[in-house]
Amino acid sequence: MPALRILLVEDCTDDADLLRFQLEDAGLSFDMRCASSERMLRETLETFQPTVAVSDLNLPGYSGLAALSLLHERLPTLPLVLLTGADDAPAPPVPATVLGKSELHRLPALLAGIQGGS
């Protein structure tokens, strides 16, 4: 099975590391690139073709919702996942799975399903 190519839009390196550890513990084969700003997201998309994008909702100076909109515009069939710590998070403007931080344990299975379908 080919490695999952994950584009993570996240500004907190601790959260990115936690996600990486969870995916490794779940036994997923993946290549993950991180972007913490709109500029980094655009630059990453120049050289990396993700099979899924995962974005935090709150980013300094940028919004996870804006990141998902940009990704959907460029890659309309790319599966998108929004991570949020807010109970009353706004609905994404594009099709996306929304997971609260308390549901982070569900992410490996969700990504494994995407990997199995690719």
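Residue under question is Thr51, and the condition is that it be at pLDDT below 90, under 11 Å from the mean Cα position of the chain (by Cα) and closer than 23 Å to Pro2 by Cβ; does it hold? Criteria not met by Thr51. Could you run through segment 76-118 and say how many residues are touching a helix residue (DSSP H, G or I) at 6+ places or on another chain (Cβ under 8 Å), more than 23 Å from Phe21 (Cβ to Cβ) and either basic (Lys, Arg) or modelled with pLDDT of 85 or more (or both)? The total comes to 1. If the condition is being farther than 11 Å from Leu7 by Cα, touching a residue at least 24 places away in the same chain (Cβ under 8 Å) and part of a loop (DSSP other than H, G, I, E, B), then segment 54-79 contributes Leu57, Pro60, Gly61, Leu75. Among the residues of segment 1-24, those that are in a helix (DSSP H, G or I) and under 18 Å from Ile114 (Cβ atoms) comprise Leu19, Arg20, Gln22, Leu23, Glu24. Note on segment 27-69: among residues that are in contact with a Gly (Cβ under 9 Å, 6 or more places away or on another chain) and charged (D, E, K, R), the one that is surrounded by the fewest Cβ atoms within 10 Å (Cβ to Cβ) is Glu38.
The values are calculated or read from the model by the stated rules, or taken from the named source; none is laboratory data. Because the structure is predicted, anything quoted here is derived from the model rather than measured. Neighbour counts are summed over all protein chains in view; Cβ atoms, including those assigned to glycine, are modelled from backbone coordinates with ideal geometry.
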